[in-house]
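Below is one structure, written out as structure tokens; the observations come after it.
The values are calculated or read from the model by the stated rules, or taken from the named source; none is laboratory data. Because the structure is a prediction, the values reported are computed rather than measured. All Cβ positions, glycine included, derive from the backbone under ideal geometry; neighbour counts span all protein chains shown. Quick note on the areas: whole protein, heavy atoms, side chains included, nothing else; ligands and nucleic acids left out. Shrake-Rupley method; radii C 1.70, N 1.55, O 1.52, S 1.80 Å.
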Amino acid sequence: MINITVGMATCGVSAGAEKILDTLKGVAKGIPASDVAVAATGCIGMCYREPLVEVSDGKSTFLYADVTEEKAKKIFESHVKDKKSVDEWVIIKNHSEGPEFGYLGKQVKIVLRNCGVIDPDSLDEYLGKDGYKAIKKILAGVTPEQVVEQMIASGLRGRGGGGFSTGMKWKFASMSKGPKKYVICNADEGDPGAFMDRSVLEGDPHSVIEGMMICGYAIGASEGYIYCRAEYPMAVKRLQRSIAVLEEKGMLGDNIFGSKFSFRLKVKEGAGAFVCGEETALISSIEGKRGTPKVRPPYPAAKGLFGKPTNINNVETFANVPWIILNGPEKYAAYGTEKSKGTKVFAIAGKASKAGLVEVPMGISINEIVNEICGGIRGGKKFKGVQMGGPSGGCIPASLADTKIDYEEITKLGAIMGSGGMIVVDEDTCMVELARFFLAFTQNESCGKCTSCRIGTLRMLEILERIVAGKGTEEDIPMLQELAQYIGKASSCGLGTTAPNPVLTTLKYFKDEYLAHIRDHVCPAHSCAALVKFIINPETCTGCTLCARDCPTKAISGERKQPHVVNESLCVKCGKCFTVCNFGAIYKD
Amino acid sequence: MIDLTIDGRKISVREGSSILDAAKSLGIFIPTLCHHPKLSSFGGCRLCIVEIKGTRNPVSSCTAPASEGMEVTTSSPQIERLRKMVLELILSDHPYDCMLCETAGACELQELAYYYDAKHTTYAGERRKYEKRDNNPFLNRDMEKCIMCGKCVKICDEVQGVGAIDFAYRGFKSKVCPQYEEDLNCEFCGQCVSVCPSGALTGRMWARKGRQRDIREVDTVCPYCGTGCNITLHIKNNEIIRVSSSPDTWNEGLLCVKGRFGYEFVNSPDRLTKPLIREGSAFREASWDEALEYTAARLLDIKNSYGSDAIGGLSSAKCTNEENYIFQKFVRAAIGTNNVDHCARLCHAPTVTALASIFGSGAMTNSIAEIENAEVIFIIGSNTKESHPVVANRMIRAFRKGAKIIVADPRRVPLARFSEIFLQQKPGTDVALLNGIAHIIVKEKLYNSEFIKEQTQGFEEWMKSVDSFNPEYTSSITGVPKEKIISAARTYGSSRKAGIFYAMGITQHTTGYDNVCAVANLALLTGNIGRPSCGINPLRGQNNVQGASDAACLPDVYPGYQSVGSPDVREKFEKKWGTPLSAEKGLTATEMMPAAIQGRLKALYIMGENPVLSGPNTGNTIKALESLDFLIVQDIFLTETAKLAHVVLPGSCFAEKDGTFTNTDRTVQLVRKAVEMPGDARDDLQIISAVSARLGYKLEYEGPEEIFREFREVWPNISGISYKRLNKKRLSWPCTSSNHPGTPFLYKQGFPKGKASFTPTAFAPPAEETDAEYPYILTTGRNLYQYHTGTMTRKSGAIESHAGRAYIELNTADAERLNIIQGETIKVSSRRGSINIEARIVDTISSGVVFVPMHYCEAIANILTLDALDSRSKIPEFKACAVMIDKYNSSPPDLI
């Protein structure tokens, strides 16, 4: 019996996995299902090598990367029919060796335990991986108080970025009186470059649902909402299917597993507002109101959804829960540092050689993630830093990349753990532009309530826009610093108070880049269009005319086989010439 | 209580108080722009931030609850710097045009900018620019000046219950706007304008009329409905240029569209400025001497030829207590008849008669302010949201606090949106509905046995009278599903803090008296009377209809409801007024018209009423008025009635005189003169005195205060009220001594006449039922914008431009059946006449029922209504008659 699985999360699908799956199903037609099974699975983790196909013959597993339709047919012919693996395309064998094994070596998979392993649409496969054993176990005789105690003992902290003790949060909600309580799963993952929650929902929706059920039991809630952004259609669909199956089997509804515990779940799609990732704004949104943060206190644990006690955690937090219940809090707490226990999933994006999903034990260093797991920077460029925590987070320079992944350690540097987005930047990334990008994002996504956030972030953005355009002045730096500091103090919700972080950290660690833009009208990363000149080196230019032909504004001229020149007054700095030149004759200054 | 320290000073505050509240009670100033004490806290402007020991970032004091042991610093270099930054950020996105701004000088933003030396240039950058202008007729919405404080959004939703505006978009592009950024189309109450801290929201009609310089402000009382909202008139050069209401008035600064924007009539060029005397079919201007001489001579002539009872007087619920007192005294003492009445006959006559006979007094038992603490509010036959909008504000507040609202009405009136139970009854089925509710309360033993035993009589006998009103039977009469009747009965019957509110839907029926009795029975049954936040609450329509009744512009009583039939009482008044008085009960307003047609009534003196539009069966009213030998009309405009007069005397409006109004909850309030009368128009007191003197009876007073003193001498219920006291505080009668605090709710000590009686009532259908020829029931009433016969509102430009067209509401299904489209002109006819009117197709009215507002002279609703009267209170049945509907073909007969 041979099992073929295709990574069919959004990462795989966008790389063309649907066609691969169809191809494989096509060629497998006619062969008895007892011999070959072709199925989909979630994100396998190595998004940088999608589409990924895993072939398992019961004894060994082979992970094929960068699969095309042609390759798929060949793999089927050779590996399935002739029982001979196509070794040149195999990147990992038996989860333990192969050219890409380094990517997995330091990872510990708790949250992602089933991602890329099981078919997310199959309840049976989840059950086969100890699924719903945790909820069964507690329903069979663990009290809600004991569940809360176990969560506290595990040391699990909110993986949405807040880092508040999950067990304590559950405890507060369980202590709130009232016949009606709610559990909410925050699946409104909105940070640019973050896709941890999406991958979990697409790859292992049942683990999140089970986590929510356990939470419902622990705090005394009988109803839950999963607030998932509508931009994740696949996650929404898989959640809805999973809920429907559970309802059909009586595993959601009244008297689950014959106990007194009843629990129902609804999926509520978000309408695209980033601020709805803030828990009180999210609650407003479910209530049908404008997604605007509410004033805390009262906290949701006392007065949340529809005014009832509510516990809200994010996707990753819930996905940890069944594992903790089954394996015990001590085993979970064995991973990590003194104050940050367990593992953390990171979505690696940007300039890393291997961008994808990694789950690492807390306490590992940024350097280990970037250089060891992710293979350093693409194209041998120089590692400059990481932006952690999305628009609310900060930039950590390469010089501090030995810092351990730990809530408190990261915060000390001016960044935040965040939900797990890690954008790796190299020497070609302008840090002023990076700050501008994130500020433009928060400005657009501010709910508009607080003056400081609504107008203040725009004023900061305007200054950054001036600087990257080469029009900044020396006075802009103190003004920016002052605004950033004050906006953080004067705003109300998490979005506003953290919005200046990318600016504050880049000012702290990369002030020289700001000054270079202002004083020397130079972008050290050669990235800001207004400050970059494209120059053709007459020594190396062969006069092949390729750049002249590709230039959209006809800014390049020159005779055939003669060195070409760029007319700066026509150049729009698109960089096309730089990319197409086969002789490295064009450089940025 | 919670103890905390603010700026080093200790204070105890109630749990749930904000830090801002706590600081305020210490007299510490914290700047705010988005805070409003009556609205939910927002925390958006960030000006009120304070430091709390032990917390990392400052917090907004308006949203942060005070907690035990907290140490707060309200002002520090950091806090002041942050506040200045916030202001400068706001100013950086604000048009710098204070020179042109309507609000300059009264602008909260401007004031704080000045205080903080905040400059608009510090953070100069992009500014919001909006091309689109809102073209509504009432409000200017200059959203470039909006500082996003959200107070308008919240007051519109939380207080007004409309939600016409909300925040849209995100980030810097956020703005407050109506749905889809359409032009505002709401109730135009202007509460949003009243709370706007900048110049973003202003009255359209305020523009370039004057700002702060050379403005006089006069506090007075709104001239429209009986709610009695306190208003402030802003006067420049003898012209009212703005109306506002202070948040510390009893109505908390809330007004409706009429009160806030309906003031332009005062300065209308159509005001009467000279006496007019009829010559043939036209009028000519006359001097006051000539007009008064002529009036007096004709009245004397008629009195001498036909006797005093051939003369009648109709007084005005728009006029002050003093004017009404003098008017009835003039009719009784100078003319010598009790033929005096006013428009209460057309509105709450059944209330006055029925409640007086049951309880000994006929008025709202509880005050408006108490509504917000009620558990259950049962509204029947009152379109409160449109007819008494500020009373509705209190009901909505009660709703927000958890009160359950029951609405019974043939139309789905706007307040039904807040109702737990809506009973859409057929017109004229109130007795059945109320008895049906009583039936369930009795059957399920929800009644208040103790109260019934101690304070009522006739319960056992009455109980039999509701026996037949089982839910099935009640449902068959009223058209209301029986489950809803049962549920309403349980909701009202189970509460001991339940108030009933009613208006013309109860009274304007041939069964009006019985309807009121049926209402009273429910309150007696549950004991919902004599305590706060419950009671029987007739909502009175006119600003001073309560006062005109108190002052006895009624044919059967002297001031203070003292019967003209009682020899002792008569003797008292004869002595007081120094002249013999008639012992005969006079004619009611509705009896005067047939008397005129029959030739028994020869002359009529009408002060500030317009019966041609307001009376039933217009054709008959006109015939009656034309039958008179002499008709005097004293008014501020040449109304449809004035056009029929022999002499027209130009009077004064509310803003031009001193006096008092008594509102619907028995509260006496001072009305203050703000502007001079136009042309030769005169104070109404002067006019009546002058006519009286010429008839040989002197009515000489120094001014209204002296008249009020005489009034309180003859009526003990107001003996404790004086102008001096009213200057400081409004007072609700009974107020029987100079230190009596007034009486917000009646019957705390039981009923003055002893036990109150249950009154058995039987169902009777309306006088005119539908048939094959006239298959639709017409019901009439008011809309939000226009007021009564439109004398005032139709002279107010903004209101007229928004609601200037007559219309008939009919149900979608009926319209389909009749092949009528939205906006089409149709012909509506009854046995008495017909009108052509624009169709407004709605789903808020039941099939088979149509509604025409009473305001429009172009399509007079009362051409259709009939003059059948309730036998006891003599009120006509305005709320139900039979009509037919045709496609429009020809004009109806021109009646005027």
Using alpha-carbon pairs under 8 Å, 6+ residues apart, how would you state the relative contact order of region B:2-75 in percent? 42 percent
Relative counts (whole %) of C-alpha pair distances in region B:2-75, using bins that are 10 Å wide: 22, 59, 19, 0
I'd like the distance between the alpha-carbon centres of region B:333-384 and region A:175-196, rounded to an integer number of Å. 55 Å
Any idea which of B:Ala839, B:Ser873, B:Leu818 is furthest toward the positive side of the dipole for region B:770-896, if Lys and Arg beta-carbons carry +1 and Asp and Glu beta-carbons -1? B:Ser873
Per the Cauchy relation, a quarter of the hull surface: what is the mean projected area of the convex hull of the alpha carbons in region A:343-426, in nm²? 4.4 nm²
I'd like to compare B:207-216, B:12-21: which one has the highest average count of other Cβ atoms within 10 Å, and what's the full order after that? B:12-21, B:207-216
Most positive-pole-ward Cα, B:Ile90, B:Ala403, B:Thr249, against dipole of chain B from beta carbon charges: B:Ile90
Potential lengthening between B:Ala369 and B:Glu571 on full extension [0.36 nm per residue; Cα-Cα distance subtracted]: 68.8 nm
Gain in length, A:Met1 to A:Thr540, computed as 0.36 nm per residue apart minus the alpha-carbon separation, to one decimal in nm? 188.2 nm
Share of Cα-Cα pairs in chain B lying beyond 48 Å, as whole percent: 25 percent
Got a sec? Which residues of region B:20-56 lose 20 Å² or more of accessible surface with every protein chain in place, vs. that chain alone, 1.4 Å probe? B:Phe42, B:Gly44, B:Arg46
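What ranking do B:716-722, A:70-76, B:113-119, B:389-395 get when scored by the average of other Cβ atoms within 10 Å per residue, highest first? The partial results should precede the final answer.
Details: B:716-722: 20.0, A:70-76: 18.3, B:113-119: 15.1, B:389-395: 27.1.
So the peptides B:716-722, A:70-76, B:113-119, B:389-395, ranked by packing, come out B:389-395, B:716-722, A:70-76, B:113-119.
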FRET efficiency (B:Arg490, B:Glu461; Cβ distance; R0 25 Å; to 0.05) is 0.50
Which distance in nm do the two modelled labels at B:Tyr473 and B:Asp97 give, with both placed 7 Å along the Cα-to-Cβ direction? 7.0 nm
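In Å², what does the accessible area per residue of the protein assembly as shown work out to with a 1.4 Å probe?
So the protein assembly as shown comes to 37 Å² accessible per residue, rounded to a whole number.
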For A:458-466, what's the mean count of beta carbons from other chains sitting within 10 Å of each residue's beta carbon? 4
Under unit Cβ charges (Lys, Arg +1; Asp, Glu -1), what dipole magnitude, rounded to 20 debye, does region B:613-657 have relative to its Cα centre? 40 debye
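Nothing charged except the Cβ atoms of Lys and Arg (+1) and of Asp and Glu (-1): what's the magnitude of the dipole of chain A about its Cα centre? Round to the nearest 20 debye. Show your work: numbers first, answer last.
Values: 72 positive and 67 negative charges, 236 e Å.
It comes to approximately 1140 debye.
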Give me the distance in nm between label points sitting 7 Å out from Cα along the Cα-to-Cβ direction at A:Ala153 and B:Asp771, one decimal. 8.9 nm
Calculate the FRET efficiency for B:Asp301 and B:Glu676 from the Cβ-Cβ distance with a Förster distance of 41 Å, rounded to the nearest 0.05. 0.75
In terms of the charge dipole of the protein assembly as shown, which places +1 on Lys and Arg and -1 on Asp and Glu at the beta carbon, the residue among A:Val267, A:Phe437, A:Asn320 farthest towards the positive end is A:Asn320
Per-residue counts of other Cβ atoms within 10 Å, averaged by peptide: what ranking do you get for B:267-278, A:490-501, B:471-482, highest first? A:490-501, B:471-482, B:267-278
Report the full-extension gain for the segment A:Ala530 to A:Ser557: residue separation times 0.36 nm, less the Cα-Cα distance, to one decimal in nm. 7.6 nm
What does a probe at B:Ala693 reach in region B:706-726, counting residues whose amide N is under 18 Å from the point 7 Å along Cα→Cβ? B:706-707
So what's the Cα pair-distance distribution over the protein assembly as shown, bin width 10 Å, in %? 1, 7, 12, 15, 15, 13, 11, 9, 7, 4, 2, 1, 0, 0
Under 8 Å for C-alpha pairs, at least 6 residues apart: give me the relative contact order for region B:365-538, rounded to a whole percent. 31 percent
Separation between the B:Gln749 and A:Thr143 pseudo-spin-labels, each 7 Å from Cα along Cα→Cβ, expressed in nm? 6.1 nm
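So, with +1 on the Cβ of K and R and -1 on the Cβ of D and E, and no other charges, what is the size of the charge dipole of the protein assembly as shown about its Cα centre, to the nearest 20 debye?
1760 debye
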Using a Förster distance of 30 Å, how high is the FRET efficiency between B:Lys10 and B:Lys728, based on the Cβ-Cβ distance and rounded to 0.05? 0.30
Counting only C-alpha contacts under 8 Å and six or more residues apart, can you give the relative contact order of chain B as a whole percent? 13 percent
Excluding ligands, DNA and RNA, what is the accessible area buried between chains A and B, summed over both sides, using a 1.4 Å probe, to the nearest 100 Å²? 2700 Å²
Over all Cα pairs of region A:2-99, the Kirkwood radius sets Rh, and Rg/Rh then becomes 0.92
Please report Rg over Rh for region A:431-520, where both radii come from the alpha carbon positions and Rh follows the Kirkwood definition. 0.95
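Within a 10 angstrom radius of each residue's Cβ in B:164-177, how many Cβ atoms of other chains show up on average? Whole number is fine.
If you average over the peptide's residues, the count of other-chain Cβ atoms is 5.
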Sequence-distant lysines (8 or more away, or on other chains) whose Cα lies within less than 28 Å of A:Lys71: A:Lys19, A:Lys25, A:Lys29, A:Lys59, A:Lys81, A:Lys83, A:Lys84, A:Lys93, A:Lys351, A:Lys354
